[in-house]
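First comes the structure, then the notes that go with it.
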Amino acid sequence: MNFKAISAVVILSAVAIQFIPYGKDHTNPPIVSEPQWDSSRTKELFNRACADCHSNETKYPWYSNIAPVSWLVAHDIEEGREKMNVSMLGIQTKNKVRDAAEEVKEGEMPMWIYTIPHPEAKLSETEKQELTVGLEKTFGKEEED
C-alpha cells in the first residue's frame, strides 16, 4: 500500500468511528443527595479537582464529543462515579467514599491525565492537605485494617 491509500484508510476510519454513539450522551443523572461539606473550601477544592468524575455534575469539555477521546472520557466518568459519587450518597454508602482522602493524599487523585486539559484541577501540596482534611471531616477517616 502506498502513502495515499494508508492515509485514506486512516481518515475514513477516523470519520467512521464518530458514528459510534458510546461517549456521546452528555446528560447527568439526577442528584440524589449532596454531602454536608465541612467547609466551603472543601467543596470548592472538590468541585475543582474531583466533581467531573465523582458527582452527577459533570461538565463535558468540547473534546468529549470526538471519538476515540469521547470513549475514554465516558469510561473514566463511569468508573469514577462507580467508585465514588457524592451525588448518590443515599445509595452509595459513606464507607465507599471514605478512602477519597487517602487517594488525594497519595497523589493518586486527581488522575495526572485529567490535569493536562484541566490545569485548575492540579492541586498544590497545601491544597491536597486542605482537601484531605476536609474530606476526612466530611466523610470520616478511612478505617485502619
- Query: For the range 35-51, what are the residues that are loosely packed, with under 15 Cβ neighbours inside 10 Å and among the hydroxyl-bearing types (Ser, Thr, Tyr)?
  - Reply: SER39, SER40
- Quick count over the range 1-20, residues being without any contact (Cβ under 8 Å) to a residue 12 or more places away in the chain and under 15 Å from SER70 (Cα atoms), is 4
- Query: So which pairs qualify, if the first residue must be in the range 27-39 and among the charged types (D, E, K, R), the second must be surrounded by 13 or more Cβ atoms within 10 Å (Cβ to Cβ) and in a loop (DSSP other than H, G, I, E, B), the Cβ gap must be under 9 Å, and the two must be at least 6 apart or on different chains?
  - Reply: GLU34/SER55; GLU34/LEU89
- Query: What tally of residues in the range 60-75 results from selecting those that are in a helix (DSSP H, G or I), over 11 Å from the mean Cα position of the chain (by Cα) and surrounded by fewer than 14 Cβ atoms within 10 Å (Cβ to Cβ)?
  - Reply: 2
- Query: Is there a residue being under 10 Å from the mean Cα position of the chain (by Cα) and either under 30 Å from ILE20 (Cα atoms) or at pLDDT 95 or above (or both) anywhere in the range 119-136?
  - Reply: no
- Restricting the search to the range 1-45, which residues are in contact with a helix residue (DSSP H, G or I) (Cβ under 7 Å, 6 or more places away or on another chain) and in a helix (DSSP H, G or I)? ARG41, THR42, LEU45
- Query: Residues GLU78, GLU57: which one is at pLDDT 90 or above, outside any helix (DSSP H, G or I), of a type in the set (Asp, Glu) and within 17 Å of the chain's Cα centre (by Cα)?
  - Reply: GLU57
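Within the range 45-94, which residues are of a type in the set (Gly, Ala, Ser) and in contact with a Cys (Cβ under 8 Å, 6 or more places away or on another chain)? Before you say what the answer is, go through the steps one by one.
Looking only at the range 45-94, we keep the residues that are of a type in the set (Gly, Ala, Ser), and these are 49, 51, 55, 64, 67, 70, 74, 80, 87, 90.
Result: GLY80, single match.
The values are calculated or read from the model by the stated rules, or taken from the named source; none is laboratory data. Keep in mind that what you see is a predicted model, and the values were worked out from it rather than measured. FYI the Cβ positions are ideal-geometry reconstructions off the backbone, even for glycines, and counts take in every protein chain you see.
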